[in-house]
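J.: My questions all concern the structure below.
The values are calculated or read from the model by the stated rules, or taken from the named source; none is laboratory data. From a predicted model like this one, the values you see are computed outputs, not experimental measurements. Cβ sites come from the backbone with ideal geometry, for glycine too, and all protein chains shown count toward neighbours. Ligands, DNA and RNA are excluded from the accessible area calculation, which covers all protein heavy atoms including side chains. Shrake-Rupley method; radii C 1.70, N 1.55, O 1.52, S 1.80 Å.
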Amino acid sequence: MDESPKPKSSWWQTIPGVLTAVAAAATAIAGLIGGLHSAGLLGGENVKPMSAPTEQLCSARTGYPIGRWRVIDKSNASANSSTFVIFTRPAGGTWVPYAGQGSFESFPTPSPGAEVVLRLRVDSGNYLSTNNLVVSSDGCRMDGTYNDSEGHKGEASYFYDGK
């Protein structure tokens, strides 16, 4: 009796091996086609390019710059500083000073990248604060310096709340 081992057959010669190879090749080809299609390299004119999500510019909001602007006095943390102004029209509005009521004018109207001057006055009195500001490229912030009739000087930032 011949007891020599039978020669092993290659996995290519078995049905499960062939089926596994065909399934792997089909999956790889489908993945390649899907990737090329998503990247816009396959599929022609029906493919829309992917775009990054866009952030809404403050300056694109209806009524800009009308609304509330928070004020942060970077030079003086005293309670005597105003914490907000409200644009009631494009080139001016109201503010609440530490005593009384106030109004302000903007020269020119704030717009992205513009240099603006805000002149804040107290309605009953001689107080005047001049703020030289630069509006950010998105219109959401104004940064600069201030100088008032009481000798206060410093840096301030205005942040658009839009409310």
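J.: Once R0 is set to 25 Å, what does the formula 1/(1 + (r/R0)^6) return for the Cβ-Cβ distance between S111 and N147, expressed as a FRET efficiency to the nearest 0.05?
T.: 0.60
J.: Here's a follow-up. Counting only protein chains, not ligands or nucleic acids, how are E105, E115, E155 ordered by accessible area (probe 1.4 Å), most first? Numbers along the way, then the final one.
T.: Working: E105 70, E115 145, E155 95 Å².
Output order, biggest surface exposure first: E115, E155, E105.
J.: May I ask you to derive the FRET efficiency for R119 and D161 from their Cβ-Cβ distance with R0 = 22 Å, giving the value to the nearest 0.05? Don't jump to the answer; show the numbers that get you there.
T.: Values: r = 21 Å, r/R0 = 0.97.
About 0.55, to the nearest 0.05.
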